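Heads up: the structure comes next, in structure tokens.
Each value in this text was obtained by applying a stated rule to the coordinates, not by laboratory testing. The structure displayed is predicted, hence computed values, not measured ones. With ideal geometry, Cβ positions are generated from the backbone for all residues, glycine too; neighbour counts draw on all protein chains shown.
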Amino acid sequence: MNKLSTFLVACAFLLPGCGQETVSSGSPGHAGGSSFADIYAAAEQALAVAEAKRNVWSKTEGLLRDAKVANADGRIDEAIALATEAKLQAELASIQADTEAETWRTRVLSN
Amino acid sequence: MRRILIISLLASLIGVQPGLADDDPSPDATTRGQAIAFDRNKGNCLACHAIEGGELAGNYGPPLLLMKVRFPERVDLRAQIWDAAVNDPATRMPPYGRHRILTEEEIDLVVDFIRTL
Amino acid sequence: MNNKILLLSVIIGLFVGAGATAGPEEDRTVMLEYYTGRFPDVPLQEFANGLYAFDEIAREQWIEMEDFPPYEIAIEDGQALFESPFANGKSYADCFDNGGIGIRQQYPHFDADLGEVVTLELAINQCRAANDEESLPYLIGDLAAISAYMSYTSRGNTINVKVPQDNPSALAAYESGKQYYYTRRGQLNFACMSCHVQSAGLMLRADRLSTTLGHATHWPVYRAKWGEIGTLQKRISECNSQVFAKPLQPQSIEYRNLEYFLTYMSNGLELNGPASRR
């Protein structure tokens, strides 16, 4: 326990951001070394999965378009943040579709 | 114990531990929180809840009154906004945090505002 | 196995079993009883008027609006379009039963040869395709006007959507529409039923939520908010957008199946389209 908590405390004080690998929502500009192209491709992939499940959220594609524009304008941190957000939304939409594939039945009106 | 410590340390690192937040928000924070709560493209809370100072409110959900009585702990109100389905799977309230409808910072500001009601 | 988990799975099993075995007619009866229980003072046919069945103030404004029906031009335009021949000399009347007059209650139906649900709007474009004419856009414009005219000639006819018991594909299409109706979607995480069953009659901002019973009787609709006449699937797309879900293609399989389910739920009500809504 001591070793681990020392590590975490060190994390907090010395390396802001190092604990963020545990959640996928990175802060703008922080992407564990991934390039914009990698994140953008991962977001497109996640979007394709959600599309196949016929469950895309309405803002996701716009975020991805904005990410592309930001990247072209050289606003790299913003571009990465937007693409990351699009990827997370697409993943959540897929999770929603998977969960709902069964739980919708619990909502059906019955006697 | 060990697990709880790790979780709370991790949570404080990524800033999702509202219990540790200052419970005496600045007037600026509550004003910004109100703006987010009333914005149709953000919280849009008035779509469902009557709120003092807001117009054309719906009654889809209960009026937001006596919020510190209903939610004595800030953390519980924040959890309700973040994902109301945890307490009630049949809830119709959108999961503002879980579905990333608002950012964590925006949720904190909305909580600041709602706690003044 | 943990007892609680066992109990939970038994309960879920009961739900799943109930959802799977109840047929369309049982579904319709349960929904009918739900709404007549919630709105005991509303006569059955009144549900065809949507929220105006139980919102007195909105009803008065609506009746005033109906003094000069804003959909009247669409009926006239639709009739002209309906009666003008295609390049090959044929017309819409040649594609439909009874020359296309007074037949809206037949739609949507399950086309056994196609293996899909056919809505009236799809049938209008099928007719055009069969006569080498280009498809019309589905949500507004000429197709909505033709649909409005065909609804007008069908006013007073009783909705009688059928799910043929001897066709498993038809039942599957109905079930898929039912699943769509009860499935939460969009970033805001709403199902159709979240608003139109659980919250029917309540206010969302300044708008009162209508009941699913009666949702399919009165299309197309001139909506003040739109400033034009639009089809049922335009409204479904709008519902999707309102819960932050990307709308599907108009007349996609999912939307047609949903329309099949929705219209079945209004079986027994009289058609009263086109209509006006705020």
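Miscellaneous remarks
- All lysines inside 16 Å of A:Lys68 as judged from Cα atoms, apart from same-chain residues fewer than 8 positions distant: A:Lys59, A:Lys87
- Computed over the range C:72-152: relative contact order in percent, which uses C-alpha pairs under 8 Å that are six or more apart: 42
- Net charge in the neighbourhood of A:Ala83 (other residues with Cβ under 10 Å of its Cβ; Lys, Arg +1, Asp, Glu -1) is -3.
- Residue exposure proxy: C:Ser176, C:Ser241, ordered by other Cβ atoms within 10 angstrom of their Cβ from fewest to most, comes out as C:Ser241, C:Ser176.
- Look at the stretch C:23-30: the mean tally of other chain Cβ atoms within 10 Å of its residues' Cβ atoms is 1.
- For the peptides C:148-155, C:79-86, C:130-137, C:101-108, the ranking by mean Cβ contacts within 10 Å, running from highest to lowest, is C:148-155, C:101-108, C:79-86, C:130-137.
- Hydrodynamic radius (Kirkwood) for chain C, which is based on Cα pairs only, to one decimal in Å: 19.7
- Total formal charge among the other residues, if their Cβ is under 14 angstrom from that of C:His109, Lys/Arg +1 and Asp/Glu -1: -3
- Taking the Cα centre of the range C:72-152 as origin and assigning +1 to Lys and Arg Cβ atoms and -1 to Asp and Glu Cβ atoms, the resulting dipole is close to 120 debye.
- Average partner coverage of A:99-105, which counts Cβ from other chains inside 10 Å: 6
- Sites C:Asp166 and C:Glu254 - FRET efficiency at Förster radius 30 Å, r taken between beta-carbons, to 0.05: 0.80
- Among A:Gln89, A:Ala79, A:Ser58 - extreme Cα towards positive end, dipole of the range A:35-111, charges at beta-carbon: A:Ser58
- A crude spin-label estimate for the pair C:Glu134 and C:Arg155, with each label 7 Å from Cα along the Cβ direction, gives 3.3 nm.
- In nm, spacing of pseudo-spin labels at C:Glu46 and A:Ala48 (7 Å Cα→C-beta vector): 5.5
- A simple charge model with +1 on the Cβ of Lys and Arg, -1 on the Cβ of Asp and Glu and nothing else charged puts the dipole of chain C at about 1180 debye relative to its Cα centre.
- Applying a 4.7 Å Cβ-Cβ cutoff to chain C, the cysteines left without a disulfide-compatible partner are C:Cys192, C:Cys195, C:Cys239.
- Selection from C:Ala145, C:Ile75, C:His109 lying farthest towards where the dipole of the range C:72-152 points positive, charges on Cβ: C:His109
- For C:186-196, mean number of other protein chain Cβ atoms within 10 Å: 6
- Here the residues B:Val110, B:Val86, C:Val197, ranked from fewest to most Cβ neighbours within 10 Å of their Cβ, fall in the order B:Val86, C:Val197, B:Val110.
- Neighbour-count order for C:Ile124, A:Ile95, fewest beta carbons within 10 angstrom listed first: A:Ile95, C:Ile124
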